[in-house]
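Here's the structure we're looking at; comments come further down.
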Amino acid sequence: MKILFGVILAILVVASIGTYLSYPDTRSEVPVIYWVTDRNPARVEQVKRFHAWLEKNGHVDEQGRPLAELRLDMANRDQAKQIIQTVSGVASDVLDVGGGQAMRLFQRMEVIRDVTDAGLELGFDPSQTYRALEPDITLDGRQYMFPCNVSVRVLWVNEDLFKELGLEPVPDRWTVEEFERRGKEFMERANPPGTRPGDRRFFANFIDPEIIHRGMGVSVFNETLTASDLNDPRYISGLKLNYKWIYEDNILPTPDDTSAFVAEQGYGGPALSLFGSGNYALVSGGRYFLIRFREFDNLGQLRVVELPHGGFPNTIIATRAAVVYAGSDYPELAKLFLAYLASEDYNELIIEDADALPPNPAFTSSEAFLRPPDHPNEWGVHGRFVEMAEEIAIPRAYSPFVLSSVVNNRVNEYRDLYFADQITAEEAARRTAEEINTAIQDEIERKPELKPLYDERVALQAKIDAAFAEGRKVPEAWVLNPFYRQYYASKGMLILEELGDPAAASDAVPQDTAGGNTR
Amino acid sequence: MTRDRRNFISGIAFLTPNILGVLTFVVFPVVFSFYMAFTNWDLTLHNQFKEDASIQFIGLDNFIELVTGDRFPRFLGNTLFFMMGIPFSVAASLIAAMLLSSDTRAGGGRNYLYLLSVIGLVAGVSLLSVLGMGSTAMTILLVGAAAGILLAGVTGGLTFYRTLFYTPHFVAGVATFILWKQLYAAKTGPVNLSLEPALSGLGGVVNTTPPAIYSTLFWVGLVLMLGLFYWGSAKLRRMLVDGDLGKGAAVVPFGLLLIPVVVGCIWGMTSHAWWLLSIGAVAILAYHAWVYSQRTDRFPAKASEGFGSGFVIALMVLVGQFVLLGLAPVFGALPAMADTTTGTGDGLTPPSWLTDVSWAKPALMIMGFWAAIGSNNMLLYLAALTNVPGELYEASNIDGASPLQRFWNVTWPQLAPTTFFILVMSTIAGLQGGFEMARVMTQGGPAGATTTLSYFIYEEGFETGRLGYASAVAWTLFLLIFSVTLFNWKFGNKYVND
């Protein structure tokens, strides 16, 4: 038995060595860096182009070989896996993260590197991407990531469907009232009596509630990100409007309507197939939807329009971005990858594949981007994305005093309860704000090192409130919530030039926008 | 080196890989997580990349937060709600096992019965179709499936049915959950497509029946609940009289029986009937107290005697009381729900199973119930049924026992050890379970309605990084399971052996 055991052990050892030696992928003559990203066939070409970019830009060793070999890790994109791997010291060198929310979590954990200096040196600093994205990719003035691609939320329009139903085209910018009016008109024409649930047509698949309440002038957090602003009549109006569109007017599908459809899932979800089949006249999403749309045979002229607004046109800008792992053996090589993301070589690929917007807007004025020769039905679309990114796009607000996952959880939970008729919209707003504020206090109690910053911000908030109450403008630098910064700027409530002394806030705020609900 | 010593070393060498594996991957994490439950371990504060990453001992803070916060009690409530399905699941497994113990291919008589059932089914549906009812594709599909199953039973017999019933157990969990998600689709799912004609018919009946009948049914439901309360408390009283239950041990079971009454008095749907419930409950308790005081033949018992038996009986009655309490307002609300003319209701429509806060939990319970019928529990019962001595049945036959008496006095007592084992295992699984189905089917929603403790542990540990707190939740769950199991062993075992 002992001999048998020994023989089996020896065979296993020999087989392991044999496997290792005969598996060429495990060996490389240059340092290997790994990139955790999603399962997308386009990544293979992006990796190939990275190696070529290294050579082209002189990042080679003495033998003229690229300084690094980049390999894909598509199995660990899930955030829970990334958390475990990063804190355990075994994560990949470059990680794709789902934007500012995830970056802030990893930064708090200190498992990612500050790339501010490298960004300036290698040319991937925040000025190399959309201005609106700066608050998303930086934290306290330091840069931690660079976008792989950029998503601006728009409404895609199925122009042919409107023509077919004899309806006038929807405008580029519209109010919530007009959206509702057009929606009802569409539903009446598109769904004759007796339409089966699985064949029903809807005006749009979904409208992001955050865009609606921001359009009415209220954000999840206050100006200094120290408390929730959601217990506000404007948030309540936004909730009610969403409820009305879904459950009363039914211009947006209920979850039951959605489950009634039999649609191919694919990249971007079933909504895209349903847009292609004419079940949705409008579909909410980004430029990356084109990856699927290009697979559809009968999709006519495409157009994108803004999401409806309640007074302040806005949309959400977000990014899938790359961060450098703090435990990387080759951080300098990983930073080169971020520089590659800002390069023409990479941006060209994103433009070709229509994988959202290219991270560097410098390449969005090219003919290849604006008028791709193989897709004339898209020519009116690409430029609009860039315009929206520059004019009305604002990233989500994140507070340093509470995790975004906790905030999203509370917001969704009470919205669900309101949508299920379990509580009123007023109660939903009150309880959401209360719970977020409780979570903030709990976090500060658990992490006393946050207390000084919190107290400082609360004092600043008091100054802002006092200034608005007295009808005065406040310096732009006081407002830390990116939404309010843009909102107040549009209302003329900010002192835009740099002021040495924040207490110098003195200019009068126009009476119709000062303080109270119009804040 | 002696032979014994050599053998010992060889044995250890063989066992070492396994022992090391258990120590590294089981014992160490368990001990470590116990320690961590008393610390502030938070991945955003403590990991190898943090300069000051010393984890602090915070005593019982995590446990205090857990009890004082509103999320843990809520998700514990969800878990316990799902566990209310356990008695029904066990009963269903037993019924399935008993059905599968009887030969379906035994002879001409039974075959004729099966064929007759099929003909009856087909004829019934054909008639309904001719009359314009029941002609939906789903009804025909279901009837066709039922007929097919009956016919296959005639030829395949027991083997066919046993395979069919055991299917849920060997189908991968996630695949089953996705299948059920489709079955539950509110507008196109087979469940609602089957319910639609039935509810529509029922709606018609309700609309043509005087509403007073339904409001009466509401009161009847509450009276039945009080009836169950009477039955349960009478049972406990008799145990007190017979010396099977001590006075001290009777407090908790009586308290359990009162819970549904109290809930009924404060619950919005039934609170207007508080006077009936409170007067009824007080009157019943007063009556039992009076009867008890009049009995002079009471057997003495220790104060703690019979706690387990009393507790189990009260728990069973409590589940029944809650079922009746839930059904009563449904009857009361039927006319308003079915009314399509006044705008107060939109007819009787099937529920939005997975997206409605009120229906999501029952939907997952029904799915669990389906899975439990054809689970290992059924196999255990099948095995146990074959071990019941035939002579006991023969004796009961000679005594002229009816099938029900045979079951109650022979089968059920003989199955007691198996039932006990199944209940213990189901309780443990119930407290630990719910993660997969919540993750796949509802993501814990809507509004946290299907978030169980195991899902909560995952959320706290891997979404917010609070591993200390998540460990505290895990250990609280362990304590809960351990206490319940200990209770089961201490009292249930005795009950079985008696």
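The values are calculated or read from the model by the stated rules, or taken from the named source; none is laboratory data. Every value quoted in this text rests on a predicted model; they were computed, and no experiment measured them. Glycine gets a Cβ as well: all are built from the backbone with ideal geometry, and neighbour counts include every protein chain shown.
Residues are listed down the side, and each one gets a yes or a no for (1) under 30 Å from residue B:373 (Cβ atoms); (2) away from chain A (no Cβ under 14 Å); (3) touching a residue at least 12 places away in the same chain (Cβ under 8 Å):
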residue: B:167; (1), (2), (3): yes, yes, yes
residue: B:180; (1), (2), (3): yes, no, yes
residue: B:185; (1), (2), (3): yes, no, no
residue: B:207; (1), (2), (3): no, yes, yes
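Where residues in the range B:18-50 are among the β-branched types (Val, Ile, Thr) and not in a helix (DSSP H, G or I), which of them is farthest from residue A:105 (Cα to Cα)? Among residues in the range B:18-50 that are among the β-branched types (Val, Ile, Thr) and not in a helix (DSSP H, G or I), the one farthest from residue A:105 (Cα to Cα) is B:39. Does residue A:389 satisfy being under 17 Å from the mean Cα position of the chain (by Cα), at pLDDT 90 or above and in a helix (DSSP H, G or I)? Criteria met by residue A:389.
The residues in the range B:389-447 that are surrounded by 15 or more Cβ atoms within 10 Å (Cβ to Cβ) and part of a loop (DSSP other than H, G, I, E, B) can be counted, and the count is 8. As a summary of the residue check, residue A:10 satisfies the conditions (1) over 20 Å from residue A:356 (Cα atoms); (2) within 13 Å of chain B (Cβ to nearest Cβ) except for the one numbered (2). The set of residues in the range A:413-450 being part of a helix (DSSP H, G or I) and under 20 Å from residue A:253 (Cα atoms) consists of A:413, A:414, A:415, A:416, A:417, A:418, A:419, A:425. Remark: pairs (first residue in the range A:188-203, in contact (Cβ under 8 Å) with a residue 60 or more places away in the chain and within 12 Å of chain B (Cβ to nearest Cβ); second residue surrounded by fewer than 17 Cβ atoms within 10 Å (Cβ to Cβ) and polar (S, T, N, Q); Cβ separation under 6 Å; 6+ apart in sequence or on different chains) = A:200/A:191.
Within the range A:326-341, track down each residue that is more than 14 Å from every other protein chain (Cβ to nearest Cβ) and aliphatic (A, V, I, L, M). Step through it out loud before you land on a result.
Start the filter on the range A:326-341 by keeping residues that are more than 14 Å from every other protein chain (Cβ to nearest Cβ), which leaves A:329-330, A:332-341.
Listed by number, the residues that qualify are A:333, A:334, A:336, A:338, A:339, A:341.
Within the range B:143-166, restricting attention to residues that are loosely packed, with under 15 Cβ neighbours inside 10 Å and among the small types (Gly, Ala, Ser), the residue that is farthest from residue B:195 (Cα to Cα) is B:148. Residues in the range A:89-96: is at least one of a type in the set (Val, Ile, Thr) and under 13 Å from residue A:325 (Cβ atoms)? Yes - at least one qualifying residue is present in the range A:89-96.
Could you tell me whether any residue of the range A:408-430 is within 14 Å of another protein chain (Cβ to nearest Cβ) and at positive phi? Scanning the range A:408-430, I find at least one residue that is within 14 Å of another protein chain (Cβ to nearest Cβ) and at positive phi, so the answer is yes. Taking the criterion of being among the aliphatic types (A, V, I, L, M), out of contact with any strand residue (DSSP E or B) (no Cβ under 8 Å at 6 or more places or on another chain) and within 11 Å of another protein chain (Cβ to nearest Cβ), the only residue of the range B:53-63 that qualifies is B:53. Restricting the search to the range A:397-407, which residues are outside any helix (DSSP H, G or I) and within 7 Å of chain B (Cβ to nearest Cβ)? Of everything in the range A:397-407, just one residue is outside any helix (DSSP H, G or I) and within 7 Å of chain B (Cβ to nearest Cβ), namely A:403. Of A:235, A:288, all but one fail to be assigned to a helix (DSSP H, G or I), touching an Asp or Glu at 6+ places or on another chain (Cβ under 7 Å) and either away from chain B (no Cβ under 14 Å) or crowded, with 20+ Cβ neighbours inside 10 Å (or both); the exception is A:288. Taken together, the criteria place residue A:337 among residues that are within 16 Å of residue A:143 (Cβ to Cβ), over 18 Å from the mean Cα position of the chain (by Cα) and not in a strand (DSSP E or B).
Screening the candidates A:319, A:315 for the property of being crowded, with 24+ Cβ neighbours inside 10 Å, closer than 15 Å to residue A:156 by Cα, in contact with a strand residue (DSSP E or B) (Cβ under 8 Å, 6 or more places away or on another chain) and at pLDDT 90 or above yields one hit, A:315.
Does residue B:80 satisfy being away from every other protein chain (no Cβ under 14 Å), under 24 Å from residue A:413 (Cβ atoms), in a helix (DSSP H, G or I) and at pLDDT below 90? Spelling it out, residue B:80 is indeed away from every other protein chain (no Cβ under 14 Å), under 24 Å from residue A:413 (Cβ atoms), in a helix (DSSP H, G or I) and at pLDDT below 90.
For the range A:350-386, the candidate set comprises residues that are small (Gly, Ala, Ser) and free of Cβ contacts under 8 Å to residues at least 60 places away in the same chain; within that set, the residue that is nearest to residue A:47 (Cα to Cα) is A:368.
For the range B:448-472, the tally of residues that are of a type outside the set (Gly, Ala, Ser), assigned to a helix (DSSP H, G or I) and more than 26 Å from residue A:104 (Cα to Cα) stands at 1.
Can you find a residue that is in a helix (DSSP H, G or I), in contact with a Pro (Cβ under 7 Å, 6 or more places away or on another chain), surrounded by fewer than 16 Cβ atoms within 10 Å (Cβ to Cβ) and at pLDDT 90 or above anywhere in the range A:53-61? The answer is yes; a qualifying residue exists. Would the range B:41-52 turn up any residue that is crowded, with 19+ Cβ neighbours inside 10 Å, of a type in the set (S, T, N, Q) and either on the phi < 0 side of the Ramachandran plot or more than 13 Å from chain A (Cβ to nearest Cβ) (or both)? For the range B:41-52, residues crowded, with 19+ Cβ neighbours inside 10 Å, of a type in the set (S, T, N, Q) and either on the phi < 0 side of the Ramachandran plot or more than 13 Å from chain A (Cβ to nearest Cβ) (or both): present. Among residues of the range B:2-15 that are more than 9 Å from chain A (Cβ to nearest Cβ) and over 16 Å from residue A:9 (Cα atoms), none has a beta-carbon under 9 Å from a residue that is of a type outside the set (A, V, I, L, M, F, W, C) and surrounded by 10 or more Cβ atoms within 10 Å (Cβ to Cβ) at least six positions away or on a different chain. Could you say whether any residue in the range B:18-28 is of a type in the set (A, V, I, L, M), touching a helix residue (DSSP H, G or I) at 6+ places or on another chain (Cβ under 6 Å) and modelled with pLDDT of 85 or more? The answer is no, given that none of the residues of the range B:18-28 is of a type in the set (A, V, I, L, M), touching a helix residue (DSSP H, G or I) at 6+ places or on another chain (Cβ under 6 Å) and modelled with pLDDT of 85 or more. For the range A:243-252, the condition of being surrounded by fewer than 20 Cβ atoms within 10 Å (Cβ to Cβ) and touching a strand residue (DSSP E or B) at 6+ places or on another chain (Cβ under 8 Å) holds for at least one residue. For the range B:141-194, the tally of residues that are within 23 Å of the chain's Cα centre (by Cα) and either assigned to a helix (DSSP H, G or I) or of a type outside the set (A, V, I, L, M, F, W, C) (or both) stands at 22.
Per this entry, residue A:73 is not counted among residues that are in contact with a Cys (Cβ under 8 Å, 6 or more places away or on another chain), modelled with pLDDT of 90 or more and away from every other protein chain (no Cβ under 13 Å). Could you say whether any residue in the range A:379-396 is more than 14 Å from chain B (Cβ to nearest Cβ), closer than 25 Å to residue A:225 by Cβ and of a type in the set (Val, Ile, Thr)? Scanning the range A:379-396, I find at least one residue that is more than 14 Å from chain B (Cβ to nearest Cβ), closer than 25 Å to residue A:225 by Cβ and of a type in the set (Val, Ile, Thr), so the answer is yes. Among the residues of the range B:456-492, write down those that are in contact (Cβ under 8 Å) with a residue 60 or more places away in the chain, under 24 Å from the mean Cα position of the chain (by Cα) and within 14 Å of chain A (Cβ to nearest Cβ). Residue satisfying the conditions is B:456 alone.
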